[in-house]
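Student: Pasting a structure here, questions to come.
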Amino acid sequence: MVRAVEKYFQGDNQGKIAWDLGAGVLDDSKYLLDKGFSVVAVDSSEAVRGYAPKVSEYTDFELKIETIQSFVLLTSEKDNKPDLVSAQLSLPFITNDLFVFTMEHILDTLKTEGIFTGQLFGKKDDWNTLYHREDMNFHTKEGVTAFFTKYISRNSETLEILLLNEEEKDAVTVEGEPKHWDIIDFTVKKVKKTNLK
Ligand SMILES: C[S@@+](CC[C@H](N)C(=O)[O-])C[C@H]1O[C@@H](n2cnc3c(N)ncnc32)[C@H](O)[C@@H]1O
């Protein structure tokens, strides 16, 4: 997310809206507020309220305790559209049946020229291969590429894929458990069809 902001939001971000989906401890929200964005942080966990003092000095911050799925469903294309959507390590926790619906809603609501950056989990992740987590979604890099390539909005906007990178590594979870990770990092930009290079 930091790389995407440094590369694509170098100017004054006053008046720009960022969504931090699955905001966790609110460090990304704080970073985005410091960069001048108005931030809407969304997380399903009540515990996130406990981190709100980190950002209490900012007026352009809103915390919504709800699932990403219900947040995007209730946010229509007419509402304040985000210039940036950041979903760091949160989208994999959406159940499979709601995944495409959620992704399409995020993309439909994103502003033209807006950026969507986040991570998905690959099929070789231990939570898929060993634990068969049915409450999560897993993908191949090819499948993610096909999904972004096929997307077209009602206004004929498409996506420019700025980054799509899969990395496998062995590292511990936040609980300290060893795990094989398969992470697909992505950054896409919504563009008018004619602007696609
Ligand atoms: C691994 S943490 C990542 C937190 C933060 N984005 C970061 O990178 O440090 C995942 C976060 O997503 C939240 N989360 C998981 N599934 C969610 C969902 N369906 N809707 C909203 N938040 C969700 C969890 O409560 C948790 O705070």
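Student: Which entries of Lys16/Lys111; Lys30/Lys54; Lys78/Lys193; Lys81/Lys192 have Cα-Cα distances beyond 19 Å here? Kindly include the intermediate steps, with their values, before the conclusion.
Tutor: On the way: Lys16/Lys111 10 Å; Lys30/Lys54 7 Å; Lys78/Lys193 21 Å; Lys81/Lys192 16 Å.
Violating the 19 Å limit, Cα to Cα: Lys78/Lys193.
Student: Just the Cα atoms of the range 2-195: what Rg and Dmax do they give in Å?
Tutor: Cα-based Rg and Dmax for the range 2-195 come out at 16.4, 48 Å.
Student: Hey, another quick one. Taking the chain as a Gaussian network, where each spring joins two C-alpha atoms under 10 Å apart, which residue of Asp170, Asp125, Asp108 fluctuates the most?
Tutor: In this elastic network of the chain, the residue with the biggest mean-square fluctuation among Asp170, Asp125, Asp108 is Asp170.
Student: Provide the per-residue ³J(HN,Hα) series for the range 125-139, in order, calculated from phi with Karplus coefficients 6.51, -1.76, 1.60 and θ = phi - 60°, each as a whole number of Hz, with x at glycine and proline positions.
Tutor: Coupling constants for the range 125-139: 5, 3, 5, 9, 6, 9, 9, 6, 5, 6, 8, 10, 10, 9, 9 Hz.
Student: Of His105, His132, His180, which has the largest mean-square fluctuation in a 10 Å C-alpha GNM of the chain?
Tutor: His132
Student: Provide Ile183, Ile68 in ascending order of the number of other Cβ atoms located within 10 Å of each residue's Cβ, fewest first. Let's see the in-between values first.
Tutor: Details: Ile183 16, Ile68 24.
So the ranking, lowest neighbour count to highest, is Ile183, Ile68.
Student: What are the trypsin sites (Lys or Arg not before Pro) within the range 148-184 that DSSP puts in a loop, where the Cβ has at most 15 other Cβ atoms within 10 Å? Mind dumping the intermediate values first?
Tutor: Values: sites: Lys150, Arg154, Lys169, Lys179; in loops: Arg154.
In loop regions of the range 148-184 (DSSP not H, G, I, E or B), the sparsely surrounded trypsin sites (Lys or Arg not before Pro) are Arg154.
Student: Would you mind ranking Lys78, Lys192 by Cβ crowding within 10 Å, fewest neighbours first?
Tutor: In increasing order of surrounding Cβ atoms, one gets Lys78, Lys192.
Student: What residue among Gly15, Gly122, Gly36 shows peak mean-square fluctuation when the chain is described by a Gaussian network model with Cα springs under 10 Å?
Tutor: Judging by the Gaussian network model, the answer is Gly15.
Student: Could you go through the range 5-16 in sequence order and give the Karplus-derived ³J(HN,Hα) for each residue, using 6.51 cos²θ - 1.76 cosθ + 1.60 with θ = phi - 60°, rounded to whole Hz, and x for Gly and Pro?
Tutor: Result, rounded to whole Hz: 5, 4, 7, 10, 10, 7, x, 7, 9, 4, x, 8.
Student: Expressed in nm to one decimal, what extension gain is obtained for the pair Val174 and Ser45 from 0.36 nm per residue of sequence separation less their Cα-Cα distance?
Tutor: On the way: separation 129, 0.36 × 129 = 46.44 nm, distance 1.59 nm.
That pair, Val174 and Ser45, stretches by 44.8 nm at full extension.
Student: Now for a different question. With θ set to phi - 60° and the Karplus curve 6.51 cos²θ - 1.76 cosθ + 1.60, what are the ³J(HN,Hα) couplings of the range 176-191 in order, to the nearest whole Hz, using x for Gly and Pro?
Tutor: x, 7, x, 7, 8, 9, 10, 10, 10, 8, 9, 9, 10, 10, 7, 10
Student: For a quick check: with amide H placed at 1.01 Å from N, whose amide H comes under 5 Å from Phe121's, ignoring anything fewer than 5 positions away on the same chain?
Tutor: His139, Ile184
Student: Here is a further query. Over the chain, what relative contact order in percent results from Cα pairs under 8 Å that are six or more residues apart? It would help to have the intermediate numbers written out before the result.
Tutor: Working: 372 pairs, mean separation 35.4, N = 197.
It comes to 18 percent, rounded to a whole number.
Student: Using alpha carbons only, how many angstrom separate the centre of the range 1-75 from the centre of the range 87-163?
Tutor: Measuring centre to centre over Cα atoms gives 19 Å.
Every number in this text was worked out from the coordinates using simple rules, so none of it is lab data. As the structure is a computational prediction, the values presented were derived from the model and not from experiment. Cβ: placed from backbone, ideal geometry, glycine included. Neighbour counts: every protein chain shown.
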